[in-house]
1. Output the number of residues of the range 51-108 satisfying the condition of being acidic (Asp, Glu), free of Cβ contacts under 8 Å to residues at least 12 places away in the same chain and in a helix (DSSP H, G or I).
2. Quick one: would you say GLU113 is among the acidic types (Asp, Glu), part of a helix (DSSP H, G or I) and out of contact with any Asp or Glu (no Cβ under 8 Å at 6 or more places or on another chain)?
3. Tell me whether the range 50-70 contains one or more residues that are closer than 24 Å to LYS11 by Cα, at pLDDT 95 or above, polar (S, T, N, Q) and touching a strand residue (DSSP E or B) at 6+ places or on another chain (Cβ under 9 Å).
4. If you take the residues in the range 74-101 that are touching a Phe, Trp or Tyr at 6+ places or on another chain (Cβ under 7 Å) and exposed (fewer than 15 other Cβ atoms within 10 Å of the Cβ), which one is farthest from ALA7 (Cα to Cα)?
5. Does GLU35 satisfy the condition of being at pLDDT below 90, assigned to a loop (DSSP other than H, G, I, E, B) and more than 23 Å from GLU109 (Cα to Cα)?
6. Looking at (1) of a type outside the set (Asp, Glu); (2) surrounded by 15 or more Cβ atoms within 10 Å (Cβ to Cβ); (3) within 24 Å of GLN21 (Cα to Cα), can you tell me which one LYS107 breaks?
7. I'd like the full set of residues that are among the polar types (S, T, N, Q) and surrounded by 13 or more Cβ atoms within 10 Å (Cβ to Cβ), limited to the range 34-67.
Amino acid sequence: MKKADLAKVKKLLEEQLQSLQADFGVEVTKQQTNENLADVNDQASLESERSFELRIRDRERKLIAKVQSALRKIADGSYGICESCDEPISTKRLFARPVTTYCINCKSEMEEEEKREEAYLNSHNRAQSEQRI
């Protein structure tokens with residue numbers, strides 16, 4: 001990867017990290033903690049919204065960790081190398097997904113393997129369900 005491209009990616013990552021951290025802090029403090037609602041439906045809606053917000057916060061927390069990891073890799077010179085095949089990740093892919101750790105070929109193979117495993121488990125579970133009937 002060219003130094004100019006690496007500098008652009010680093011800037012993107014730093015901006016993304018700053019934005020995520022700022023949003024994360026604001027949202028966590030905004031959450032209401034002691035809201036008692038008389039209506040059961042309102043309470044259920046509130047709990048559903050809180051659960052949804054917590055899932056979003058967890059995803060943001062994980063993304064923050066990935067961005068920090070990518071920035072560390074830039075600093076130590078290992079950024080842009082596929083963790084599976086040790087080949088360079090394309091610059092185009094890194095600009096599209098700066099936190100990626102796999103080249104497109106390895107990631108595609110992993111996703112295909114996940115699909116095969118899921119299909120196997122689904123067919124295995126169906127077979128077990130049919131045997132119980």
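The values are calculated or read from the model by the stated rules, or taken from the named source; none is laboratory data. Small disclaimer: the values here were computed from a predicted structure and weren't measured. So basically every Cβ, Gly included, is an ideal-geometry build from the backbone, and we count neighbours across all protein chains shown.
1. Summing the residues that are acidic (Asp, Glu), free of Cβ contacts under 8 Å to residues at least 12 places away in the same chain and in a helix (DSSP H, G or I) in the range 51-108 gives 2.
2. Judged against the criteria, GLU113 is a match.
3. Checking the range 50-70: not a single residue is closer than 24 Å to LYS11 by Cα, at pLDDT 95 or above, polar (S, T, N, Q) and touching a strand residue (DSSP E or B) at 6+ places or on another chain (Cβ under 9 Å).
4. SER84
5. yes
6. Of everything listed in (1) of a type outside the set (Asp, Glu); (2) surrounded by 15 or more Cβ atoms within 10 Å (Cβ to Cβ); (3) within 24 Å of GLN21 (Cα to Cα), LYS107 misses just condition (3).
7. The one that is among the polar types (S, T, N, Q) and surrounded by 13 or more Cβ atoms within 10 Å (Cβ to Cβ): GLN43.
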